[in-house]
Amino acid sequence: MGAYARTMEEAARKAKDAQQRATKAEAKAKKANAAAAKAEAARRIYKAQADQLRAIPLPDIMEAFGCQRDKYDKQKFLTPAGAISVEINGQRFQNWGLEKGGRGAIDLTMMILDCDYPSAVQELSSHFGLGAAAAAAARAAYEAAQELADKPKSFTPPRACKSQWSKVREYLTSIRKLPEKLIDWLADRGQIYADRYANVVMLYSDGIRSTGAELRGTQGAFRGQAAGSQKKRGLFMLEGQNRRVAVVEAAIDAISYRVLYPNDWVVATGGVTSRHPMLDSFQARGFQLIAAHDRDRAGSQAAARMAENYPGTIRLAPPRERKDWNEVLTHQSDEEEEPSPTPALCR
């Protein structure tokens, strides 16, 4: 092959390589533009969904997350973040303790639950669903825009605040009359602690990992669940030395029950519950189930349903004149009769 032919062949090869590079660059640019267009469309959809959630009336947000209205001020609510006043027919709110305000349901949810923007949108969507199609669109939009995988997220406990622990400990031991030694033991094992708002944080678990947390205010009557809690997956649980497990409604009642019946296992469900996957497991392992719900209409009904779900369940209600087990403990005295250790079977 002559020099001229070799030169022409080399030129042809370079031209072909250049063409291939141009084709690849063009394909890459098209892919990038398509991805950008998809992300922009997703962002617009997600923004529209967020705008719809943001317009939810603020009092509805308070009720959905278990915040209690001040009986003297209808605009004020007791929340995990402190006392917050909201506009009844508006979108503004003010946290007087933090001296910080905001606007809209998403911002309010972020403050109440101490969570980020995506978590607040997720919580609001869970409580105030936009319908199956809208929810699917919002979920797909968020995945495309943020490149997040569509998989269940593990529960992240509220951040502990050691500087608030003394207030929480004082509340539990002085107001709730729980033994200091028991409270310190629970704190050492990480089952209870304080958050930055001086709420008591009581962790629920499935026996391996934390699945949720019950929050109890120390400055008011607030009671609720931490953001992302999965009540059906775990319990607040104190192990015992026998084969009896008592089911109560609140974690503080579980700790109180432990003081009164130190040998029993005791679990709190975080509300009025008559069936739970972990109770199925207890029954399968031969435990005697005890329906130790509150002495009120809801508690009695739950205990009756529990007896239907788990035949042989024992009903053990707090003594008369006492609604729950913490009331029994706080009002206990030498003159008062202790609750019967041999309750009757549910009928």
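No other residue among T269, T218, T173 is more than 18 Å from A292 (Cα to Cα), polar (S, T, N, Q), in contact with an Asp or Glu (Cβ under 7 Å, 6 or more places away or on another chain) and crowded, with 16+ Cβ neighbours inside 10 Å apart from T173.
Answer with yes or no whether M278 is of a type in the set (A, V, I, L, M) and either closer than 17 Å to E239 by Cβ or not in a helix (DSSP H, G or I) (or both). Answer is yes for this residue.
Within segment 251-274, residues that are closer than 9 Å to L235 by Cβ sit with their Cβ atoms under 7 Å from residues that are crowded, with 24+ Cβ neighbours inside 10 Å and among the charged types (D, E, K, R), at 6+ positions apart or across chains, in these pairs: A268/D253; G270/E214. For S300, the conditions (1) farther than 16 Å from N242 by Cβ; (2) at pLDDT 90 or above; (3) crowded, with 18+ Cβ neighbours inside 10 Å are fulfilled apart from (3). Can you tell me which residue among R322, R295 is within 23 Å of L182 (Cα to Cα), surrounded by 15 or more Cβ atoms within 10 Å (Cβ to Cβ) and either at pLDDT 90 or above or hydroxyl-bearing (S, T, Y) (or both)? Result: R322 is the single residue among R322, R295 that is within 23 Å of L182 (Cα to Cα), surrounded by 15 or more Cβ atoms within 10 Å (Cβ to Cβ) and either at pLDDT 90 or above or hydroxyl-bearing (S, T, Y) (or both). Looking only at segment 247-262, which residues are more than 23 Å from the chain's Cα centre (by Cα) and aliphatic (A, V, I, L, M)? Across segment 247-262, the qualifying residues are V259, L260. Restricted to segment 164-203, and to residues there that are polar (S, T, N, Q) and free of Cβ contacts under 8 Å to residues at least 12 places away in the same chain, the residue that is farthest from Q230 (Cα to Cα) is S174. Tallying residues that are within 15 Å of the chain's Cα centre (by Cα) and small (G, A, S) within segment 171-216 yields 4. Of all the residues in segment 325-337, those that are modelled with pLDDT of 50 or more and either crowded, with 19+ Cβ neighbours inside 10 Å or not hydroxyl-bearing (S, T, Y) (or both) number 8. Counting only residues that are touching a Phe, Trp or Tyr at 6+ places or on another chain (Cβ under 8 Å), outside any strand (DSSP E or B) and not hydroxyl-bearing (S, T, Y), segment 244-266 holds 5 of them. State yes or no: is R243 in contact with a Ser or Thr (Cβ under 8 Å, 6 or more places away or on another chain), charged (D, E, K, R) and farther than 14 Å from H293 by Cα? Answer is no for this residue. Somewhere in segment 50-59, is a residue under 29 Å from Q94 (Cα atoms), out of contact with any Cys (no Cβ under 9 Å at 6 or more places or on another chain) and at pLDDT below 70? There is no residue in segment 50-59 that is under 29 Å from Q94 (Cα atoms), out of contact with any Cys (no Cβ under 9 Å at 6 or more places or on another chain) and at pLDDT below 70. Of all residues in segment 110-128, which are within 12 Å of the chain's Cα centre (by Cα) and assigned to a loop (DSSP other than H, G, I, E, B)? If the condition is that a residue be within 12 Å of the chain's Cα centre (by Cα) and assigned to a loop (DSSP other than H, G, I, E, B), then D114, C115 are the ones that fit. Only one of the listed residues (G207, G234) is small (G, A, S) and over 26 Å from H127 (Cβ atoms). That residue is G207.
The residues listed here are E147, E99, E123, E143; of these, the one that is at pLDDT below 85, within 15 Å of F65 (Cα to Cα) and of a type in the set (D, E, K, R) is E123.
Tell me yes or no: at least one residue of segment 313-335 is among the acidic types (D, E) and closer than 21 Å to A213 by Cβ. Yes, because at least one residue in segment 313-335 is among the acidic types (D, E) and closer than 21 Å to A213 by Cβ.
The values are calculated or read from the model by the stated rules, or taken from the named source; none is laboratory data. Just so it is clear, the structure is predicted and the values come from calculations on it, not from any experiment. Glycine also receives a Cβ, built like all others from the backbone with ideal geometry; neighbour counts cover every protein chain displayed.
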